[in-house]
Ligand SMILES: NC(=O)c1ccc[n+]([C@@H]2O[C@H](COP(=O)([O-])OP(=O)(O)OC[C@H]3O[C@@H](n4cnc5c(N)ncnc54)[C@H](OP(=O)(O)O)[C@@H]3O)[C@@H](O)[C@H]2O)c1
């Protein structure tokens, strides 16, 4: 039995980060200013604190400025919106990231939508989502962008291919489907009400799972030779587990991403890439939209 090629997300992410670091030093030399990412963390969720800390560290490693705003769980929506307004106006801040989930009492969409589109490095505002759906230039959500980068690095042909995405969140599933469509794939989006999920998955040349259910995708759901991208993360005692039954599926698939070490490392790499893009647009006239 031949085994699938394992797509090494760590290596691809490292290459993206190196490219961003090179571009940051060039941009800084040309314009005299260093790109900056502002991170906002509200409350004391330990997992969120770890995520924000690794984003800040990654920023510093590529030579960008990191401005951190830790706010207590008692922060009001008005106070948080005021901080975002201030960061929107701050010329040293190219990207604004508000770590989700926010504590109870915040309307996440309202908060996120206050971020100016040109600084929306998470790509999660309604304007960024609309620009993507309309085929316009803009900042894209980091994890779907990371998947596109992985597919490209693995030489996967998307033109005319059948792609199936399991999951329809605003964070991942919907923008993933839009990006695949833009690359001329034939795209199906599945979710919890999909009838015959295994059958739909079997039609996929490219199968992308983003559910958060350990080992949901079985080997007999996978077309022989298909490319399988595992976005899901479940914390188990043994460590992180993906949505795909990796050992069994790799005997069927043509290429597969592992968990950990697949899609995960791409998210932060793409956040850095987005911040660089935002900084470039800020430095040149006629870039990304400044309003929103
Ligand atoms: N950096 C990274 O690697 C990264 C980034 C983002 C997310 N993730 C991971 O990716 C997973 C998905 O994230 P998310 O934010 O998109 O989660 P989410 O908002 O919870 O969405 C999960 C999606 O899965 C669908 N679903 C649930 N059970 C299903 C089933 N039995 N069959 C088919 N579909 C089912 C849901 O359908 P309904 O819409 O019908 O409820 C929903 O659309 C999570 O494990 C998350 O941790 C990883």
Requested in this report: Show me 155-162, 184-191 ranked by packing, highest mean number of other Cβ atoms within 10 Å first.
Outcome: 184-191, 155-162
Report task. Give the calculated FRET efficiency between residue 89 and residue 19 to the nearest 0.05, with a Förster radius of 30 Å applied to their Cβ-Cβ distance. Result -> 0.50
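What share of the DSSP beta bridges in the chain is antiparallel, in percent to the nearest 5? Intermediate results must be reported in sequence, preceding the final value.
Details: 3 of 32 bridges.
Counting DSSP beta bridges with both partners in the chain, the antiparallel share is about 10 percent.
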**Report entry** Shape category assigned to region 8-63 from the gyration tensor of Cα positions, a/c cut at 1.5
**Finding:** oblate
**Report entry** region 160-189 residues near the modelled residue 100 label - backbone nitrogen below 14 Å, point 7 Å along Cα→Cβ
**Finding:** 168-176
Report summary line: Nearest 10, in degrees from 0 to 90: the angle of helix 173-182 to the longest Cα principal axis of the chain is 80
Report task. With runs of 4+ DSSP H residues as the only contributors, calculate the mean residue ellipticity of the chain at 222 nm using -39,500 (n - 2.57) per run, divided by the residue total and rounded to the nearest 500. Result -> -12500 deg cm²/dmol
Query - Normalised convex hull volume, region 143-223, alpha-carbon set, Å³ per residue - result: 90
Query raised in the report: Relative to the longest principal axis of the chain, what angle (0 to 90°, nearest 10) does the C-alpha long axis of helix 142-153 take?
Result: 50
Report summary line: For 55-63, 91-99, 71-79, ranked highest to lowest by mean beta-carbon neighbours within 10 Å, the order is 91-99, 55-63, 71-79
**Report entry** Label-point separation, residue 82 to residue 170 (7 Å along Cα→Cβ), nm
**Finding:** 2.5
Requested in this report: Would you give the gap between the C-alpha center of region 86-159 and the C-alpha center of region 1-32, rounded to a whole Å?
Outcome: 19
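To the nearest µm²/s, what D does Stokes-Einstein give for the chain at 4 °C and 1.567 mPa s, using the Kirkwood radius over alpha carbon pairs as Rh?
Estimated via Stokes-Einstein, D reaches 66 µm²/s.
Here, each number is a calculation from the coordinates, and none is a lab measurement. Keep in mind that what you see is a predicted model, and the values were worked out from it rather than measured. Quick reminder, even Gly has a Cβ in these numbers, built from the backbone with ideal geometry, and neighbours come from all protein chains shown.
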